[in-house]
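Read-outs: derived from the displayed coordinates by stated rules, not from any lab. Please read all numbers here as calculations on a predicted model, not as lab measurements. All Cβ positions, even for glycine, are placed from backbone atoms using ideal geometry, and neighbour counts span all protein chains on display.
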Amino acid sequence: MKMILTAGLAALMGVCVQAQTLDTAQRQLARDVFQQLIETDTTHSTGSTTSAAEKMRERMLQAGFAPGDMEIAGPSTKRMNLVVRFRAEQSDAKPVLVIGHLDVVEARRSDWTVDPFVFLERDGFFYGRGTQDMKDSDASFVTSFLILKKEGWKPKRDIILALTADEESGGENGVDWLLKNRRELVDAAFAINPDAGGLVTEHAKPVEMDMEATEKVYADFQVSASNPGGHSSRPVPENAIYEVADALGRLERMPFPTELNAVTRAYLEERAKLETPARRKLIELVLSKPMNQIAAAQLSADAGYNATLRTTCVATMMQAGHAVNALPGAAAANVNCRILPGHSPEEVRQRLVAIFHDPRLKVEFKDNDGSLHATATERAAIAPPAAARGRDEASEGDYAGDVAGNSGGSGDGDGGERFDLHNGCGHPELRFQRHGN
Ligand SMILES: [Zn+2]
């Protein structure tokens with residue numbers, strides 16, 4: 001792995017020393033791939049990951065990958081994945097899998113100051129849907145494969161690149177589909193997924209390289225109320241909108257409890273060193289046992305720290321009422337939760353019921369396909385073990401031979417997405433960018 005990272009992927013991650021190894025043509029190639037991906041609509045509603053997969057396959061073919069080492073496969077015509085195998089000369093070791101999703105979050109033109117599907121460079125930034133999540137990384141992978149293949153380089157074990165569908169939304173998650181239907185294509189010793197963590201810069205200097213040890217579990221819940229309705233000229237106490245609004249107000253005022261695990265504790269210890277003295281003090285108080293809750297509340301004013309310290313649940317959508325002059329017969333809101341390892345969606349659903357504290361309300365689990373269920377799964381993500389320090393060579397035994405899957409949707413929110421194209425060396429460069437799920 002070290003070989004790949006230094007020869008290819010890291011070079012495209014914008015590691016300063018490596019940036020100099022890319023010549024002009026290689027930089028142009030990286031940019032072209034990036035542009036092609038950005039300008040291929042891969043949203044769930046109107047886009048097609050198949051289209052992006054075919055374009056990348058064509059580039060791989062031209063670079064010399066054998067047709068038999070590539071496969072476009074998936075559950076439906078618009079949700080195909082591309083899997084490319086970079087063959088080792090000869091190796092008994094299990095392959096390494098690198099995964100990146102091709103799909104992007106929906107992007108409404110009216111929410112953006114520029115066209116989200118036109119690749120634009122302006123004032124030191126790239127603009128376009130997917131510039132951060134995660135066509136930048138996809139472009140890094142593809143370009144690395146193209147360059148290394150053309151150079152005649154051979155890995156010490158097979159490297160599999162899987163560019164996948166439906167990570168952000170929809171029920172046809174590419175990683176899930178591949179694992180269930182074409183496991184042989186992606187079977188590997190371990191997987192690298194740059195869809196989280198990455199390099200954090202301050203004043204153009206890299207200060208932090210985040211790696212993800214586990215993920216919060218994604219879950220949607222619907223809280224709903226219904227009552228007989230009536231005419232708005234004769235209001236009655238029962239009002240579905242008030243009932244749901246009250247519940248959401250309670251949710252806003254009652255955050256989930258703080259909790260640290262071995263990894264978030266180690267992360268905060270390291271992170272504190274990079275913070276201002278005041279912030280560092282707050283983190284130290286949060287790390288004290290028992291945790292200082294006043295400090296935790298202050299630190300939680302930062303959305304990133306808040307999400308690190310607790311399970312979060314937030315209202316994201318509402319539907320209610322049917323006429324301006326009628327009492328609402330129904331109201332419903334979507335509550336989106338990101339659940340800390342060690343806790344199940346059902347546990348969180350029950351906590352929401354307790355927070356809402358209103359037996360008139362229904363609190364249901366909403367599946368990826370939109371279907372509603374009275375209860376959620378009891379399955380919890382495993383809390384991660386403490387990070388092992390000082391290990392730089394990964395051995396297969398450390399990784400349980402499993403594949404890290406993409407999980408629930410990561411949202412970029414609205415208002416656009418852009419990518420800072422200046423790395424620490426001051427050159428335009430593709431690099432990994434930190435972004436939250
Ligand atoms: Zn992503």
request  = Quickly work out the HIS231-to-GLN62 label distance, labels modelled 7 Å from Cα along the C-beta direction, and quote it in nm with one decimal.
outcome  = 7.0
Stokes-Einstein D for the stretch 217-373, Kirkwood Rh over Cα pairs, 4 °C, 1.567 mPa s (µm²/s) = 74
task = Can you tell me which of 321-330, 305-314, 131-140 comes out highest on packing, and rank the rest after it, using the mean Cβ neighbours within 10 Å?
result = 131-140, 305-314, 321-330
ask   = Using 19 Å as the cut-off for backbone N distance, which residues of the stretch 187-228 belong to the label zone defined by a point 7 Å from the Cα of ILE241 along Cα→Cβ?
value = 223-228
query = For ASP111 and ILE72, what is the calculated FRET efficiency with R₀ set at 35 Å and r taken between the beta-carbons, to the nearest 0.05?
reply = 0.65
query = So for the pair THR276, VAL200, with labels modelled 7 Å out along Cα→Cβ, what separation do we get in nm?
reply = 1.5
ask   = Taking θ as phi - 60°, what are the ³J(HN,Hα) couplings along the stretch 370-380 by the Karplus curve (6.51, -1.76, 1.60), each to the nearest whole Hz, with x for Gly and Pro?
value = x, 6, 9, 9, 4, 10, 10, 5, 8, 6, 10
note = With a ≥ b ≥ c from the Cα gyration tensor eigenvalues, square-rooted, and the rule rounded for a/c under 1.5, otherwise prolate when a/b > b/c and oblate otherwise, the stretch 330-379 is oblate
ask   = Check LEU120: other-chain or 5+ apart residues with amide H under 5 Å from its amide H, H built from backbone geometry?
value = TYR127
message = Check which residues have an amide H placed less than 5 Å from TYR218's amide H, if you skip close sequence neighbours.
response = ILE339, GLY408
task = For ARG360 and GLU212, compute 0.36 nm times the residue count separating them, minus their Cα-Cα distance, and round to one decimal in nm.
result = 49.3 nm
request  = Tabulate in residue order the Karplus-calculated ³J(HN,Hα) for the stretch 210-219, using 6.51 cos²θ - 1.76 cosθ + 1.60 with θ = phi - 60°, rounded to whole Hz; enter x for Gly and Pro.
outcome  = 8, 10, 9, 8, 6, 10, 5, 8, 8, 8
